[in-house]
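Note sheet for the following structure.
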Amino acid sequence: MDQVDQRAEVREFLGSRRARITPQQAGLPAYGGNRRVKGLRREEVAMLAGVSVDYYVRMERGDLGGASQSVLDALALALQLDEAERDHLFDLAREAGPARNRRRTTSKTVRPVIQQVLDAFTEAPAWVRNERHDMLAANPLARALYSPVIDSSLAGATERRPANTTRFIYLDPQARDFFVDYDVIANDAAAMLRLEAGRNPHDKDLIALVGELSTQSDLFRRRWASQDVKLHRSGRKRLRHPVVGQLDLNFEALELPSEPGLRINVYTADPNTPTFDGLRLLASWAATQEASQETAQETAQETAHEASDAAAIES
């Protein structure tokens, strides 16, 4: 997958949204029982949106160029799109327009001050992701929480690249144990990537990631083909950590206005719950791990210095 066919994206998205709505759901009479299409007919969508059948047919064939906001609003209403789907429709229309505003490449690094912000969260896991779901920075507690994801990215890696939660979800068998609600998490991850592909269809790294996942995961191919899109701002996430057991966490995804496209994910636990205690235990474990690593590094440095001194004496 080296480029995005925008007309096909429009065609498949509109077709899939039309197919899921029955005449009854749209408030239309159901004539007879032998409808040859699943969901609404094109002429029914055109009527609901207040446009001609020919115009809607052109739109569903991939031609959204020139569609006004009022037409897109009417189409979103006719197809009963939710907020994420409406945003996606407008992104597709914007890309189809004559003056395409190609977005910058998604960030791969963060400024040092962002790491300082993360480290200020001393009792909550906090980490920064970009729109491809790369983990760009994290505080110690988040590194401990997502240690299976980070370790997976390092195992057998032939190139240095950040841990990516969606790659872990679809390509590492451990993900089914780590995420308690694996099916929901997998569906949401693909839907979030699909939403970003509509916003930023020329991001080569995003295209490469989708191609990698499509090649290696049957489940991802099915979820990608569903055309579903989703916003991911807050909610609950249940993780089964290999050290402290199950954690039922609240999460908030906070946008960084100074870093467009980056978000800080922060996880918290309800007070007086096993998860609250589990996070404290995880923090203790993380501190122990960090101290062990520092000791190992100091030992390695001392050994190197001793070897260097010995070599100097011999010479």
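Among the criteria (1) assigned to a loop (DSSP other than H, G, I, E, B); (2) out of contact with any His (no Cβ under 6 Å at 6 or more places or on another chain), the one Trp224 does not fulfil is (1). Within region 167-185, being in contact with a strand residue (DSSP E or B) (Cβ under 9 Å, 6 or more places away or on another chain) and farther than 18 Å from Glu131 by Cβ holds for Asp177, Phe178, Phe179, Val180, Asp181.
Only one of the listed residues (Ala163, Ala269, Ala191) is crowded, with 16+ Cβ neighbours inside 10 Å, among the aliphatic types (A, V, I, L, M) and either closer than 30 Å to Ala19 by Cβ or outside the structural domain of Met135 (by TED's automatic domain parsing) (or both). That residue is Ala191.
The set of residues in region 65-99 that are modelled with pLDDT under 95 and outside any helix (DSSP H, G or I) comprises Gly65, Gly66, Ala67, Ser68, Gly97, Pro98, Ala99. Going by what's in this entry, would Ala84 be described as within 20 Å of Ala225 (Cα to Cα) and out of contact with any strand residue (DSSP E or B) (no Cβ under 9 Å at 6 or more places or on another chain)? In short, yes.
On the stretch given as region 159-192, residues that are under 14 Å from the mean Cα position of the chain (by Cα) and aromatic (Phe, Trp, Tyr) total 2. For region 226-251, give me each residue that is without any contact (Cβ under 8 Å) to a residue 24 or more places away in the chain and hydrophobic (A, V, I, L, M, F, W, C). Scanning region 226-251 gives a single hit, Phe251. If you go through region 76-93 and keep only what is under 19 Å from Arg199 (Cα atoms) and surrounded by 17 or more Cβ atoms within 10 Å (Cβ to Cβ), you end up with Ala76, Leu81, Ala84, Glu85, Arg86, Asp87, His88, Leu89, Phe90, Asp91, Leu92, Ala93. Within region 206-221, the residues that satisfy the criterion of being surrounded by 14 or more Cβ atoms within 10 Å (Cβ to Cβ) and not small (Gly, Ala, Ser) are Leu206, Ile207, Leu209, Val210, Glu212, Leu213, Leu219, Phe220, Arg221. When restricted to residues that are modelled with pLDDT of 90 or more, of a type in the set (D, E, K, R) and in a loop (DSSP other than H, G, I, E, B), region 4-27 contains 1. Taking the criterion of being in contact with a helix residue (DSSP H, G or I) (Cβ under 8 Å, 6 or more places away or on another chain), more than 19 Å from Ala175 (Cα to Cα) and in a strand (DSSP E or B), the only residue of region 232-264 that qualifies is Ile264.
Given the condition under 15 Å from Ala96 (Cβ atoms), at pLDDT 90 or above and not β-branched (Val, Ile, Thr), answer yes or no: does some residue in region 31-52 qualify? Checking region 31-52: not a single residue is under 15 Å from Ala96 (Cβ atoms), at pLDDT 90 or above and not β-branched (Val, Ile, Thr).
The values are calculated or read from the model by the stated rules, or taken from the named source; none is laboratory data. None of the values given here were measured: they were computed from a predicted structure. Using ideal geometry, Cβ is built from the backbone for each residue, glycine included, and neighbour counts are taken over all protein chains shown.
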